[in-house]
Amino acid sequence: MTHLDAYGWNAHFAALLEPHELPQNIARVVQEHKEAYLVRTIHGNIWAEITGKMRHTSTVRLDFPAVGDWVILRGLEHADGGGPVHITRILPRRTILSRRLETGKGGGGDQHVLATNIDVVFLGTSLNENFNLRRMERYLTLARDSGAQPVLLLTKADLCDDPHPLMQQAHKIAHGAAVHAVSVVTGQGIDLLKIYLPQGITGVILGSSGIGKSTLVNHLADADIQDMMQIREFDDKGRHCTTFRHLVKTTTGGLIIDTPGLRGLSLGEASDALLSTFQDIESLALRCRFTDCRHNAEPGCAIKAAIDAGTLTAARLEGYLRLHREITAMSQRENRIAQRKERKMEKRSTAAAHDKALRDWHLQKRRHGR
């Protein structure tokens, strides 16, 4: 399928097709607007919507298409005539970048999919007042939980007289993730970023508003992405702001997804990712005298000893403990959501069985009457 290879189609996804699914009905989601989706097909970009069945059977946000998804379409042959094009199935996702919507903010703990089938997650923070190690630790945990490669980007390097001290701080928490200082103004680090995005590779850039995400995407794509995306004209600081996710091709042949600025970031069940982000603390914890050490005032606590010795900061420990508590709470909430979904599916199955039994009874009655 060379017509979609440039958008990341490969043998992995081809193996996921059902025998009756035709290659010409495959598309990739490049924009999402509630329940309307701009998808890339062999004919170019067209609009599609989900089927009534998908809307009825979907119980959580994960069940709906998201930017980066590969989907199966129905009605594509009638698209030129204005007929509706429907998404009938989402191919299994290879990677999922998602966050939790906090209870009380309309999410009820549901999972918000930021992007799917991605290879690289660029985690941005600017080299000014936006620089925040605790936020970067949270982003790293989110990226590692997705299964994609995390890369830390320290943006707006041209506004920092000496970025090296901040880069050293970032390296200390990266634990294997690459760290790059970049500037679109001077071109610093841009060529390094392009190496991550050869043809067929998909990246996504995350970060809070104002760090220059869209400007960086514009540079990588060599186009004004704002012309292709709906934007809030200006925020209270006079900056253009992306209001939804959009997948575009880069000059190197890869793809990049721009995202709105993240104000809050709740993690899901990401215990393995937490271990990777805080390897230093996890290693120290194994040396504590007590296996249930809470790293507070217990004797023989290796973590407290490291803080006293200056090899570990109290702020990093607090960041670790905060994320650990959050992930534990989210894990419990995840179980409740799974149980709720299972009960809903059971009710539908029971109702379908009842309807079938009723139809069979009426059919037998008519036959007996004859």
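The values are calculated or read from the model by the stated rules, or taken from the named source; none is laboratory data. Quantities reported herein were computed from a predicted structural model and do not represent experimental measurements. Here Cβ is always computed from backbone atoms with ideal geometry, including for glycine, and neighbour counts include all displayed protein chains. For the accessible areas, the whole protein counts, side chains as well, though only heavy atoms, and no ligand, DNA or RNA atoms are used. Shrake-Rupley method; radii C 1.70, N 1.55, O 1.52, S 1.80 Å.
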_Is it the case, given these coordinates, that I201 is closer than 25 Å to V113 by Cα and modelled with pLDDT of 90 or more?_
yes
*Among (1) at pLDDT 95 or above; (2) within 22 Å of I256 (Cβ to Cβ), where does P92 come up short?*
(2)
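Would the stretch 242-255 turn up any residue that is modelled with pLDDT under 65, under 20 Å from the mean Cα position of the chain (by Cα) and surrounded by fewer than 17 Cβ atoms within 10 Å (Cβ to Cβ)? Break it down into steps so the answer makes sense when it comes.
Keep residues of the stretch 242-255 that are modelled with pLDDT under 65, which gives 242-243.
Still in the list and also under 20 Å from the mean Cα position of the chain (by Cα): 242-243.
So of that shortlist, the ones also surrounded by fewer than 17 Cβ atoms within 10 Å (Cβ to Cβ) come out as 243.
Yes, the conditions are met somewhere in the stretch 242-255.
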_Among residues of the stretch 171-187, those that are more than 22 Å from the chain's Cα centre (by Cα), within 20 Å of R138 (Cβ to Cβ) and touching a residue at least 40 places away in the same chain (Cβ under 8 Å), counted_ = 0
_For the stretch 338-370, give me each residue that is over 39 Å from the mean Cα position of the chain (by Cα) and open to solvent by less than 100 Å² (accessible area, probe 1.4 Å)._
D355, A357, L358, D360, H362, L363, G369
*asked:* For the stretch 49-67, check the following and say yes or no: at least one residue is touching a residue at least 60 places away in the same chain (Cβ under 8 Å), part of a strand (DSSP E or B), surrounded by 15 or more Cβ atoms within 10 Å (Cβ to Cβ) and hydroxyl-bearing (S, T, Y).
replied: no
*Filter result for the condition that a residue is more than 21 Å from the chain's Cα centre (by Cα), open to solvent by less than 60 Å² (accessible area, probe 1.4 Å) and either under 24 Å from R348 (Cβ atoms) or hydrophobic (A, V, I, L, M, F, W, C) (or both), over L38, L73*: L73
*Could you tell me which numbered condition F234 fails, if it satisfies all but one of (1) out of contact with any Asp or Glu (no Cβ under 7 Å at 6 or more places or on another chain); (2) modelled with pLDDT under 85; (3) open to solvent by less than 50 Å² (accessible area, probe 1.4 Å)?*
(3)
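Among the residues in the stretch 205-213, are any hydrophobic (A, V, I, L, M, F, W, C), closer than 24 Å to L140 by Cα and either at pLDDT 90 or above or part of a helix (DSSP H, G or I) (or both)? Working first, answer last.
Of all residues in the stretch 205-213, those hydrophobic (A, V, I, L, M, F, W, C) come to 205-206, 211.
From the residues that got through so far, the ones that are closer than 24 Å to L140 by Cα too are 205-206, 211.
With either at pLDDT 90 or above or part of a helix (DSSP H, G or I) (or both) added as a condition, the list becomes 205.
Yes, that holds for at least one residue.
Regarding the stretch 258-273, can at least one residue be identified that is open to solvent by less than 20 Å² (accessible area, probe 1.4 Å), at pLDDT below 75 and assigned to a helix (DSSP H, G or I)?
Filtering the stretch 258-273 down to residues open to solvent by less than 20 Å² (accessible area, probe 1.4 Å) leaves 258-259, 262, 265-268, 270, 273.
Now restrict to residues that are at pLDDT below 75: 262, 265-268, 270, 273.
Within this subset, residues satisfying the condition of being assigned to a helix (DSSP H, G or I) are 273.
Among the residues of the stretch 258-273, at least one is open to solvent by less than 20 Å² (accessible area, probe 1.4 Å), at pLDDT below 75 and assigned to a helix (DSSP H, G or I), which makes the answer yes.
Given the criteria open to solvent by less than 60 Å² (accessible area, probe 1.4 Å), outside any helix (DSSP H, G or I) and more than 16 Å from D258 (Cα to Cα), does G187 qualify? If you could, list the steps in order and put the result at the bottom.
On the way: open to solvent by less than 60 Å² (accessible area, probe 1.4 Å): yes; outside any helix (DSSP H, G or I): yes; more than 16 Å from D258 (Cα to Cα): yes.
Against the criterion (open to solvent by less than 60 Å² (accessible area, probe 1.4 Å), outside any helix (DSSP H, G or I) and more than 16 Å from D258 (Cα to Cα)), G187 qualifies.
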*Just for the stretch 159-168: of the residues that are modelled with pLDDT of 90 or more and surrounded by 13 or more Cβ atoms within 10 Å (Cβ to Cβ), which one is nearest to A315 (Cα to Cα)?*
L166
*Which one of R144, R138 is open to solvent by 10 Å² or more (accessible area, probe 1.4 Å), within 21 Å of G203 (Cβ to Cβ), basic (K, R) and touching a helix residue (DSSP H, G or I) at 6+ places or on another chain (Cβ under 6 Å)?*
R144
